[in-house]
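A quick write-up on the structure given underneath.
The values are calculated or read from the model by the stated rules, or taken from the named source; none is laboratory data. Bear in mind that the values here come from a model prediction, so they are computed numbers and not experimental data. All Cβ positions, glycine included, derive from the backbone under ideal geometry; neighbour counts span all protein chains shown.
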Amino acid sequence: MDNSPKSTRRELLGMGIPVLAGAAACSNTGLSAAENSNGPDVPDQKPDKPWSEQRKVIERKWLDLLGDFPVDIPDLRVEMKEVEQRDGITRYHVSFQAEEDDRVTAWLLVPDVAREKPTPAIICLHSTTWGSGKDQVIGLSGKRPVDPPPDPQAGRHYGLTLAQHGFVTLSIDALTDGERIEPKRRVMDTRGFYLKHPEWSIVGKMIWDCMRSVDFLQTLDFVTPDQIGVTGLSMGGHYALFAAAFEPRITAAVPNGGVLDWYRHASAWSRVPRDNNWKPWEEGVDAPTNSEKLEKRFGFKTNSGPYIYIKKFRPYIEDQSLPLPVDFDDLMAMVAPRPLLVTSTEQEFYRHKFFQKTPKVLDVYMNWRDTDGLPSVLKARQERSGYSETLEYYETQHNIRESKIEQQFGEFGAGDCFSWFSFPGGHGLPGVARRVSFAWFDRWLGRTLY
């Protein structure tokens, strides 16, 4: 919904935070801790403040946890090699510069239809794997490179199924997985990252890699540059939410099965290495380790981690009386007014306290009003496939002129841009959830009407 289709991250950073913000007047629930005794303590916010001002406070508090993004943005220096053509899809191996000394590795799947006219693209983020990374997302392997692909019914190959549906997809490796495991290191050991970036976070790094992925996709002449989505499952699901919240060029998001709660009774969000040892594990020097819990769950010795999501969150685990500065309802609201569909199992929605969080998010979306210089829901509706059919139908069938439709849609807000879908069964992406995801992206990336 960015007004300039090829805005770069550098340009957006130069504009300042207000250009990323919305304009809702949060008239009822707002986003203030005073309105919810279980919510985060955000004393600077008031329910009657416009959302554009609230959002600046919330983003700053998130960045205080995650760390600020790099100031220096290197050239992409893209390397792109065709691997195969199969069933109407061309697969490329791609890499591009994220930082001056770090490259993102990815699979780019391009349907033949994208050669006929520019096509929306979707960034696909993988779940927790043990070395497979992006390969699992396009159905090349299971959790480990030696494992066969999982049953297609599990839906973990969404980078492939979305391409089969007609989207260009970019499935990237997360740092410390796939091709981005450093030599002699082990999967999901983030200590080397924190030695290099003590003030940043692996979550912030993943957001940055998604920002660079948008930069890359916008260079491709077969991609519609202002129609880029993001999705993921499990770990990829909550990273998809973070990416959509902080990258304004992401047009629509579908996080699947992502964690939406801090779980402060456990240390997962901010683990401390054993014996406070911040030196990464090294093959041939350190003995392999194993978690009996993970071995029982997955059937193999993992020798992985520690995966430390947000180092600066540790004080909130050690002293649980500290009020949380921000929560995941704030993060979801930061996506507004861009379309956000959250999918998960029924049990996960219960465990993540999802429905307790939705009132705040809905308040922002439902009270949205377009304002000059801010993202426009009306403009997005007008640019999406089907708008001309809307005008024709209501003028011929109900004698409602275009100017009236435009006025009505301007008053409509963004209430239909936020939604959720639950399903029974285990942690995954079954067919029913995949079909809902397809429909959401079709609607909001403007790929098709019928």
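Consider Ala114 carefully, then state whether it is in a helix (DSSP H, G or I) and buried (at least 21 other Cβ atoms within 10 Å of the Cβ). Yes: the conditions hold for Ala114. Restricting attention to the stretch 320-362, the residues being out of contact with any Lys or Arg (no Cβ under 7 Å at 6 or more places or on another chain) and more than 30 Å from Arg434 (Cβ to Cβ) number 4. Pairs only if they're at least six apart or on different chains, beta carbon under 7 angstrom, first in the stretch 304-325 and without any contact (Cβ under 8 Å) to a residue 24 or more places away in the chain, second assigned to a helix (DSSP H, G or I); list them, first residue then second. As it stands, the answer is Leu322/Pro315; Leu322/Tyr316, since those pairs meet every condition given. Just so you know, in the stretch 134-183 the residues that are small (Gly, Ala, Ser) and assigned to a helix (DSSP H, G or I) include one that is farthest from Val94 (Cα to Cα), and it is Ala154. Checked against the criterion of being under 30 Å from Asp370 (Cα atoms), modelled with pLDDT under 50, surrounded by 13 or more Cβ atoms within 10 Å (Cβ to Cβ) and hydrophobic (A, V, I, L, M, F, W, C), the candidates Val42, Val57 yield just one match: Val42.
Taking Cys124 as meeting all but one of (1) outside any strand (DSSP E or B); (2) under 23 Å from Ile250 (Cα atoms), write down the number of the exception. Unmet for Cys124, out of (1) outside any strand (DSSP E or B); (2) under 23 Å from Ile250 (Cα atoms): (1). Just one residue in the set Ala336, Ala439 is under 22 Å from Ile250 (Cβ atoms), of a type outside the set (Ser, Thr, Tyr), in the same structural domain as Phe242 (by TED's automatic domain parsing) and surrounded by fewer than 16 Cβ atoms within 10 Å (Cβ to Cβ); that residue is Ala439.
Where helices (runs of 4 or more DSSP H) fall entirely within the stretch 253-346, those with at least 2 residues that are more than 15 Å from the chain's Cα centre (by Cα), at pLDDT below 95 and closer than 18 Å to Arg186 by Cα are at 292-298.
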